[in-house]
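Below is one structure, written out as structure tokens; comments come after it.
The values are calculated or read from the model by the stated rules, or taken from the named source; none is laboratory data. Source: prediction; values computed, not measured. Cβ sites come from the backbone with ideal geometry, for glycine too, and all protein chains shown count toward neighbours. These accessible areas exclude ligands, DNA and RNA; they are computed on the full protein's heavy atoms, side chains included. Shrake-Rupley method; radii C 1.70, N 1.55, O 1.52, S 1.80 Å.
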Amino acid sequence: GHRGCAFERRHKSTWPLALYQSGMSMKTSVVITIFRCFSDQAPARFDFSDGFTSFIGVNNSGKSTILRFFYEFRTLFYLLGSGNSRTSDRLYDSFTKFSVPAHDLTSIFHNGNNRPIEVALSFSSVTEVGGPFDLELKLRIEHGEIPETRTVELFCFPILKRSGQPIRSALEMYEVELAMFVEWLDSLANTLYIGPFRNAINLGENASYFDLQTGQAFIASWRRWKTGGSKADNNSTRRLTDDIRDLFGFADLEINASEDNTTLQCFVNGQSYLLNELGAGLAEFVIVLANAATRTPAYILIDEPELHLHPALQLKFLTTLGRYARNGVLFSTHSIGLARTSSERIYALHLDAVRGYSIVEPYEKAPTLSEMLGELSYSGLHEQGFEQLLLVEGPTEVKTMLQLLRKYGKDLSTVLVPLGGGSLIRPNV
């Protein structure tokens, strides 16, 4: 352990700097087993990194479960990351006790058996200075009952591997690898989870909804963010107001807390309105973007970003939200169109009701793909104000063309449909 610490002191200041200056390519993946609806017969496997990752499927197929995994386990990610000053010594041959924000801890385990939850976090990177390397953190999560209090605690038994072999010493890996891996764990600990119900006003005086501050507590915070002594918060509310003004096409917009901190008073194009007079869509923009802007998380996790929004605003909302996430956005949705127009990675989920577990597959490989495509009716879009479809190559082109269409005032009448890029545009497809 002392030799490992000395090794870290020698290289900590030089290797990461050289790494970031040289550039890198990175791939991260997750495998989740025995967690809620994901059994050992069909673990949840998916990749994600910077940008947008979406999960589509019908109700009760497991989309929200994946987002809740990152929300419920982020305390563990923090303890395994920089929350532990001796990470390299604790990632093997030890255990970590942690807690999750769940009412019933036993509910997080798969209901088909009581075996431990298993999680594999894989991190692969290629750098000019360090060469290719891959790390895997395997976690076995158990629960144990304490007789004196009848409470349940969770214990994590981690094993750190490189190229499939357990690492037994900090000297067996380069400091740059450990630094990057710990940084990734820290990013998993720094998330903002946004549940499927979002309202700025009607949840009580001090209510919060998962990570969102809501109700009158949110109104009081808005006053503090806008008029308090923090210039960073002042600037965040100004940028947020500008974003909402542009998204809704207002000529001008001002958002203030009411005198009694019970609602927001908005001035739109010179007219005064209370927030509830402007509709649920604008209220959702305010509460979600304000919470994101003042926290600047590494990843934003959001359930059904299309809620309360006209289809023309859904992509705008999602891409604007992505500006407040340092690394990326993971979202669940019922809208195939929204997933295809925004995401670098799309996963389809469906529940095997007979076997009692959910299945996660890449969108283009899903056996029920035709059924999901049938749920998206392009004919209904005409009634919502769209006049034409514009086919583009892939998700990157969608974002570029959206800006061009917005410049010419065509974004509210045109549906952008990506053809799948390299994942679907191939001679054998």
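Tally up the residues in the stretch 226-252 that are part of a helix (DSSP H, G or I) and either in contact with a Gly (Cβ under 8 Å, 6 or more places away or on another chain) or open to solvent by 20 Å² or more (accessible area, probe 1.4 Å) (or both), please.
Count: 13.
Need pairs with beta-carbon distance below 9 Å; first residue farther than 24 Å from GLY409 by Cβ and within the stretch 235-250, second surrounded by 14 or more Cβ atoms within 10 Å (Cβ to Cβ) and among the hydrophobic types (A, V, I, L, M, F, W, C); sequence gap 6+ or separate chains.
Short answer, once both residue conditions are applied: SER236/TRP225; SER236/ALA290; SER236/ALA293; THR237/TRP222; THR237/TRP225; THR237/ILE255; THR237/ALA290; THR237/ALA293.
What tally of residues in the stretch 322-335 results from selecting those that are out of contact with any strand residue (DSSP E or B) (no Cβ under 6 Å at 6 or more places or on another chain) and either open to solvent by 40 Å² or more (accessible area, probe 1.4 Å) or assigned to a helix (DSSP H, G or I) (or both)?
3
Quickly run through the stretch 384-408 and pick out the residues that are farther than 22 Å from ARG323 by Cβ and open to solvent by less than 90 Å² (accessible area, probe 1.4 Å).
GLN384, GLY385, PHE386, LEU390
What are the residues in the stretch 171-216 that are in a helix (DSSP H, G or I) and at pLDDT below 60, if any?
Result: LEU171, GLU175, VAL176.
Quick one: PHE267 ticks every box in (1) part of a helix (DSSP H, G or I); (2) surrounded by fewer than 22 Cβ atoms within 10 Å (Cβ to Cβ); (3) touching a strand residue (DSSP E or B) at 6+ places or on another chain (Cβ under 7 Å); (4) not hydroxyl-bearing (Ser, Thr, Tyr) bar one, so which box is it?
Result: PHE267 passes all but (1).
Okay, residues lined up against (1) among the acidic types (Asp, Glu); (2) modelled with pLDDT of 85 or more; (3) more than 26 Å from ASP134 (Cβ to Cβ); (4) open to solvent by 10 Å² or more (accessible area, probe 1.4 Å):
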site: ALA18; (1), (2), (3), (4): no, no, no, yes
site: PHE38; (1), (2), (3), (4): no, yes, no, no
site: ILE56; (1), (2), (3), (4): no, yes, yes, no
site: LEU91; (1), (2), (3), (4): no, no, no, no
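Filter the stretch 93-127 for residues that are charged (D, E, K, R) and farther than 23 Å from SER29 by Cβ; which is modelled with the lowest pLDDT?
Checking each candidate, the answer is ASP93.
Given the conditions (1) over 24 Å from LEU188 (Cα atoms); (2) of a type outside the set (D, E, K, R); (3) touching a residue at least 40 places away in the same chain (Cβ under 8 Å), which single one is not true for ALA353?
Exception for ALA353: condition (3).
Checking the conditions here, which among THR368, THR333 is among the polar types (S, T, N, Q), modelled with pLDDT under 75 and closer than 30 Å to THR33 by Cα?
THR368
I need a count of the residues in the stretch 276-286 that are closer than 11 Å to HIS308 by Cβ and not small (Gly, Ala, Ser).
Final tally of qualifying residues: 3.
Considering only residues that are closer than 18 Å to ALA312 by Cβ, of a type in the set (A, V, I, L, M, F, W, C) and touching a strand residue (DSSP E or B) at 6+ places or on another chain (Cβ under 8 Å), which ones fall in the stretch 392-428?
Matches in the stretch 392-428: VAL392, VAL398, MET401, LEU402, LEU405, VAL415, LEU416, VAL417.
Exactly one of (1) open to solvent by 50 Å² or more (accessible area, probe 1.4 Å); (2) modelled with pLDDT under 75; (3) within 23 Å of LYS161 (Cβ to Cβ) is unmet by GLY130. Its number?
For GLY130, the exception is condition (1).
Any residue at all in the stretch 292-304 that is in contact (Cβ under 8 Å) with a residue 40 or more places away in the chain, under 20 Å from ASP242 (Cα atoms) and under 13 Å from the mean Cα position of the chain (by Cα)?
Yes, some residue in the stretch 292-304 is in contact (Cβ under 8 Å) with a residue 40 or more places away in the chain, under 20 Å from ASP242 (Cα atoms) and under 13 Å from the mean Cα position of the chain (by Cα).
For the stretch 209-225: of the residues being among the small types (Gly, Ala, Ser) and within 15 Å of LEU275 (Cα to Cα), which is least open to solvent (accessible area, probe 1.4 Å)?
GLY215
Pick out the one residue from ILE219, ILE255, ILE300 that is within 29 Å of ASN190 (Cα to Cα), at pLDDT 85 or above and in a helix (DSSP H, G or I). It would help to see each step written out before you state the result.
Values: ILE255 fails: in a helix (DSSP H, G or I); ILE300 fails: in a helix (DSSP H, G or I).
None of the others qualify; the one that does is ILE219.
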